[in-house]
């Protein structure tokens, strides 16, 4: 009868396996949703097999043209509802930014449906404003699956 009354000692360890499972699921959820919550101008970028630019700069200047031919400019963070800017204003803004910090990389993203002439006039405006080199943003080509 004494053996029945004896209880096993309580285990004082914490089982961390469920905690690890939950953390891995949360990590996957955040990795999937983070690229989806970026905000900015909706641009359907052309596809090109280009080299990926490893740019670790904190401050980048992105000039965009959407499918309607409207221009947008953003330095660093993108506002929730960007407002279109005339081409002349973009030139003035880029000139001021380049005078203050000439090492800021300048990126150009243009919708695939935009007229080539609009892209070239924007590139000429950026070069006249003092941007030494303008990098074009493209999407990697999709495989025909």
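The values are calculated or read from the model by the stated rules, or taken from the named source; none is laboratory data. What you see is a predicted model, and the numbers here were worked out from it, not measured in a lab. For neighbour counting, all protein chains shown are included, and Cβ atoms are generated from backbone atoms with ideal geometry for every residue, glycine included.
Within segment 95-128, which residues are closer than 13 Å to residue 64 by Cα and touching a strand residue (DSSP E or B) at 6+ places or on another chain (Cβ under 7 Å)?
Correct list: 106, 107, 108, 109, 110, 111, 114, 118, 119, 122, 123, 126.
Looking at this structure, is residue 99 more than 30 Å from residue 140 (Cβ to Cβ), more than 18 Å from the chain's Cα centre (by Cα), surrounded by 10 or more Cβ atoms within 10 Å (Cβ to Cβ) and modelled with pLDDT of 70 or more? I'd like the intermediate steps shown before the answer.
Details: more than 30 Å from residue 140 (Cβ to Cβ): yes; more than 18 Å from the chain's Cα centre (by Cα): yes; surrounded by 10 or more Cβ atoms within 10 Å (Cβ to Cβ): yes; modelled with pLDDT of 70 or more: yes.
In short, yes.
Within segment 1-41, how many residues turn out to be at pLDDT 60 or above, in a loop (DSSP other than H, G, I, E, B) and under 30 Å from residue 140 (Cα atoms)?
Step one: of segment 1-41, the residues at pLDDT 60 or above are 4-37.
From the residues that got through so far, the ones that are in a loop (DSSP other than H, G, I, E, B) too are 6-16, 34.
Now narrow it down to the ones that are under 30 Å from residue 140 (Cα atoms): 34.
Of the residues in segment 1-41, 1 are at pLDDT 60 or above, in a loop (DSSP other than H, G, I, E, B) and under 30 Å from residue 140 (Cα atoms).
State whether one or more residues within segment 63-72 are within 24 Å of the chain's Cα centre (by Cα), at pLDDT below 80 and assigned to a loop (DSSP other than H, G, I, E, B). If you could, list the steps in order and put the result at the bottom.
Here is the first cut: in segment 63-72, the residues within 24 Å of the chain's Cα centre (by Cα) are 63-72.
From what's left, at pLDDT below 80: none.
Within segment 63-72, none of the residues are within 24 Å of the chain's Cα centre (by Cα), at pLDDT below 80 and assigned to a loop (DSSP other than H, G, I, E, B).
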